[in-house]
Amino acid sequence: MYKMYQLGKTSKQRLSTCHVDLQLIMNESIKVSTVDFGIAQGKRTIEQQQEYFDNGKSKINPKKYSSLIELFKRAKHLVDGRIRKKSDAVDVYAYYNGSAQWDLESLCYISGVITATANRLLKEKRISHKIRWGGNWNQDGVILKDQSFIDGPHYELVR
């Protein structure tokens, strides 16, 4: 029998900034995962988004958009209280050896758990949105190999 994991206090707080569908998906996923994971980020400010772009962690450059609405269509983490009240994206990490880990092997396993959980919840009509993982942007079932940018920790709602 494997160990049953649960999200920690900080992960729960970060997850609370996300859309209710993402909250349910992550809370259900951790219960069945054999790899422990946590929530790295839910909501993000425009300044944080710019920093992520400048450091090569995101392909979305806020300066490129002349309209906040257009920026928010692409940058799913952004929350401002008017255009979006809760994040439409969440980033996760694997947790082992006493710290957050970002290796693709663990993130791929976690992705399988999260994707399967989301599909089950959608079928049960407990959530209303599909999700997309940053290791399979085009959702063609070919992970990592045919992606121009791999964002292993990232999940977002498809609207």
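The values are calculated or read from the model by the stated rules, or taken from the named source; none is laboratory data. What you see is a predicted model; the values in this text were computed from it and never measured. Please note: Cβ atoms are built from the backbone with ideal geometry, for glycine as well, and neighbour counts cover all protein chains shown. Just the protein is used for accessible areas: all its heavy atoms, side chains included, with ligands, DNA and RNA removed. Shrake-Rupley method; radii C 1.70, N 1.55, O 1.52, S 1.80 Å.
Numbers at a glance
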{"read-out": "Scope the stretch 88-103; condition exposed (fewer than 15 other Cβ atoms within 10 Å of the Cβ) and touching a Gly at 6+ places or on another chain (Cβ under 9 Å); matching residues", "value": "Ala100, Trp102, Asp103"}
{"read-out": "Restricting the stretch 63-87 to residues that are open to solvent by less than 70 Å² (accessible area, probe 1.4 Å) and among the hydroxyl-bearing types (Ser, Thr, Tyr), the residue that is nearest to the chain's Cα centre (by Cα)", "value": "Ser87"}
{"read-out": "Of residues in the stretch 106-131 being without any contact (Cβ under 8 Å) to a residue 24 or more places away in the chain and among the hydrophobic types (A, V, I, L, M, F, W, C), the one farthest from Leu144 (Cα to Cα)", "value": "Leu122"}
{"read-out": "Pick from the stretch 51-62, criterion open to solvent by 30 Å² or more (accessible area, probe 1.4 Å) and not acidic (Asp, Glu), ranking: nearest to Gly152 (Cα to Cα)", "value": "Lys57"}
{"read-out": "Every residue from the stretch 86-98 that is within 20 Å of Asn27 (Cα to Cα) and of a type outside the set (Phe, Trp, Tyr)", "value": "Lys86, Ser87, Asp88, Ala89, Val90, Asp91, Val92, Ala94"}
